[in-house]
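Written below as structure tokens is the structure these notes are about.
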């Protein structure tokens, strides 16, 4: 049987790119030939090229949710990117198009529709992104990472698959080196993360309660992020029971080493936490598009495996109370976790695509 040729487009954030790479990994096991299309000088270009996957550039800007003179360029860049995508399709001759979100998926997906190529989409969030909503009318199948998204998409096209998450997180079975990071082995540990860039709001509310937590024999792994690093790292340097840093790529080992996570409501992060069955306190990003982080968090809260604090209600005292309360409920919470749908998501999606 001739190997399938798959055109993939995703971009903007890791939350769109990582699912695409996870699905690509499964497709390549079936000898599929992959071409990834993304924005020039972008996160997707860096990540995809690092995996030795063929990459083609287009030049498209996102549609900003506030007034900016960049909006003047948007229609011209959109038309140019559709033209470039049509040229890529003529040369590559794909059998299937896969889009996993981000503004870059839009023009490539539309060009695939014009070329009568079967379109498959994967949506991570509880509220579908604009690109998924626009392309849904042309799609053959839409794979959902969050069941709540079914309320906004054509019912006859959706399959609940779970989110394809980072395979290195799934497969990692080791813990961090506790002693290297000034931590002990058998203590209750929390992990605070605001994502790869960190969260100033989370950091600002967390820092005042650090001493109280350490005094109760709770150790801390704190992903401060790039923007706040200079402010907070000097204040915690060499503090026993606390490891702070800007960004770490050993996220799987960190999850294996902690008892609780404090985080934002990004779909991919929550899918990883759900798969690792970790109790979590979620503070959704209030400015996320269509408040989708709130709905992502709400789903886990309703499963009784997470507590949610709205950002407008967040303060250090409330955060400390939630941490101490959840510490006492850790074992009960872990029993509430169902089997994760995300673990086999990439494999299931790849299998259904190749049956096309």
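Rule-based calculations on the coordinates, nothing more; no lab input. These numbers come from a predicted model, not from an experiment. Glycine gets a Cβ as well: all are built from the backbone with ideal geometry, and neighbour counts include every protein chain shown.
Axis of helix 316-336 versus longest Cα principal axis of the chain: the two differ by about 70°, to the nearest ten degrees. Just to verify a number: FRET efficiency for residue 134 and residue 79, C-beta to C-beta distance, R0 = 22 Å, to 0.05? Here the calculated transfer efficiency is 0.90. With the highest mean first, a sort of the peptides 294-304, 16-26 on other beta-carbon atoms found within 10 angstrom per residue produces 16-26, 294-304. A crude spin-label estimate for the pair residue 236 and residue 216, with each label 7 Å from Cα along the Cβ direction, gives 1.7 nm. Each label was represented as a point 7 Å from its Cα along the Cα-to-Cβ direction; for residue 246 and residue 51 these points are 2.5 nm apart. Principal-axis analysis of the Cα atoms of the chain puts helix 292-302 at an angle of about 60° to the longest axis. Would you look at the GNM of the chain, springs on alpha carbons closer than 10 Å, and say which of 41, 125, 146 moves the most? Looking only at 41, 125, 146, the largest GNM fluctuation is found for 41. Comparing 51, 124, 250 in a Gaussian network model of the chain (Cα springs below 10 Å), the most mobile by mean-square fluctuation is 51.
Paramagnetic label reach from residue 332 (point 7 Å along Cα→Cβ; backbone nitrogen cut-off under 15 Å): within region 181-204, no residues. Entry note, region 169-336: relative contact order of 23 percent, from Cα contacts under 8 Å with a spacing of 6+ residues. With N counted as the residues of region 96-157, its alpha-carbon radius of gyration over 2.2 N^0.38 Å works out to 0.99. Taking every alpha-carbon pair under 8 Å whose residues sit at least 6 apart, region 167-226 reaches a relative contact order of 43 percent.
Distance from the C-alpha centroid of region 261-319 to that of region 124-184: 15 Å, rounded to the whole angstrom.
Only Cα pairs within less than 10 Å get springs; with that Gaussian network setup on the chain, which residue of 154, 128, 164 has the largest fluctuation? Among 154, 128, 164, the largest GNM mean-square fluctuation belongs to 154. Each Cα pair under 8 Å and six or more residues apart adds its sequence gap; the mean of these over the residue count of the chain is a relative contact order of 15 percent.
The calculated FRET efficiency for the pair residue 344 and residue 291, based on their C-beta separation and a Förster distance of 22 Å, comes to about 0.15. Relative to the compact-globule estimate of 2.2 N^0.38 Å, the Cα radius of gyration of region 169-336 comes out at 0.95.
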